[in-house]
Amino acid sequence: MNIILLGPPGAGKGTQASKLEDERGMVQLSTGDMLRAAVATKTPVGLQAKEVMERGDLVSDEIVTGILSDRLDEDDVKGGFILDGYPRTEAQAHSLDALLAEKGMPLDHVIELVVDEDALVERITGRFTCANCGEGYHDTFKQPRVEGVCDACGSTSFKRRPDDNAETVRTRMQEYRTKTAPIIPHYEPKGLVRRVDGMADIEGVSDAIAAILDQG
């Protein structure tokens, strides 16, 4: 089963992709991870990317598609893949269509995690973690059992990510709506788009995704 997982930052794509890897043997293909791996292993297209990045320029769609092409040839992808972060634009969606057709690999579903912006802002801005062990908490949904003391390790030191603020979250939502969401009409006529309530709890989202995949 080969899918694209869509949704704005904070929608839970990474969590769901990890569960699909563990439970179904699918492979998450993140453009950032693939790019770093290609540069590190000095593949021909990785060397091109390294040269571009060292100049301070953005890596072209052609190079990203080349890196993805190499990755799709690896054996572990045969059990299915999850594309996360690509395609981001309609031009990339067309490139992906051509690439998958060339390799004889079907795209089975485009699954969008639909979120409510205000609720997502609350979800993200309320997050904090134990500075010692990384245990996650939330102002509203998961406070430590003893105020100021980590449940897992007993530390009294906590931290928040500096970009977990309302302004940053709303900016990312706007970028998603203007840059990534427009690829959905590219896939709608193909009957590939499925939508899941991204505001449900983790297991609820997982169950909804599983129901889609089990339909074939």
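Of all residues in the range 94-116, exactly one satisfies the criterion of being touching a Lys or Arg at 6+ places or on another chain (Cβ under 7 Å) and either aromatic (Phe, Trp, Tyr) or surrounded by fewer than 19 Cβ atoms within 10 Å (Cβ to Cβ) (or both), namely 114.
Considering the range 1-26, and only residues there that are among the hydrophobic types (A, V, I, L, M, F, W, C) and buried (at least 19 other Cβ atoms within 10 Å of the Cβ), the residue that is modelled with the lowest pLDDT turns out to be 11. The condition (being in a loop (DSSP other than H, G, I, E, B) and of a type in the set (Asp, Glu)) is satisfied by just one residue among 76, 57, 22, 70: 57.
Could you say whether any residue in the range 96-115 is under 30 Å from residue 157 (Cα atoms) and hydrophobic (A, V, I, L, M, F, W, C)? Looking for residues that are under 30 Å from residue 157 (Cα atoms) and hydrophobic (A, V, I, L, M, F, W, C), one finds none in the range 96-115, hence no.
Within the range 103-120, identify whether any single residue is over 22 Å from residue 192 (Cα atoms) and not acidic (Asp, Glu), and answer yes or no. Scanning the range 103-120, I find at least one residue that is over 22 Å from residue 192 (Cα atoms) and not acidic (Asp, Glu), so the answer is yes. When the range 31-77 is filtered for residues that are in contact (Cβ under 8 Å) with a residue 40 or more places away in the chain, open to solvent by 30 Å² or more (accessible area, probe 1.4 Å) and of a type outside the set (Ser, Thr, Tyr), the ones remaining, listed by number, are 71, 76. In the range 166-210, the qualifying residues are those that are at pLDDT 90 or above and among the hydroxyl-bearing types (Ser, Thr, Tyr), and the one that is nearest to the chain's Cα centre (by Cα) is 206.
Which of the residues belonging to the range 123-145 are open to solvent by 30 Å² or more (accessible area, probe 1.4 Å) and within 20 Å of the chain's Cα centre (by Cα)?
From the range 123-145, those open to solvent by 30 Å² or more (accessible area, probe 1.4 Å) are 123, 125, 127, 129, 131-136, 139-143, 145; that's our starting set.
Residues satisfying the conditions are 123, 125, 127, 136.
Determine, yes or no, whether residue 91 is exposed (fewer than 14 other Cβ atoms within 10 Å of the Cβ) and touching a helix residue (DSSP H, G or I) at 6+ places or on another chain (Cβ under 7 Å). Lay out the reasoning, then the answer.
Values: exposed (fewer than 14 other Cβ atoms within 10 Å of the Cβ): yes; touching a helix residue (DSSP H, G or I) at 6+ places or on another chain (Cβ under 7 Å): yes.
Answer is yes for this residue.
When the range 167-196 is filtered for residues that are open to solvent by less than 90 Å² (accessible area, probe 1.4 Å), closer than 21 Å to residue 2 by Cα and charged (D, E, K, R), the ones remaining, listed by number, are 188, 194.
The values are calculated or read from the model by the stated rules, or taken from the named source; none is laboratory data. Please read all numbers here as calculations on a predicted model, not as lab measurements. Don't worry about glycine lacking a Cβ; one is built from the backbone with ideal geometry, like all the others, and counts go over all protein chains shown. SASA here: full protein model, heavy atoms, side chains in, ligands and nucleic acids out. Shrake-Rupley method; radii C 1.70, N 1.55, O 1.52, S 1.80 Å.
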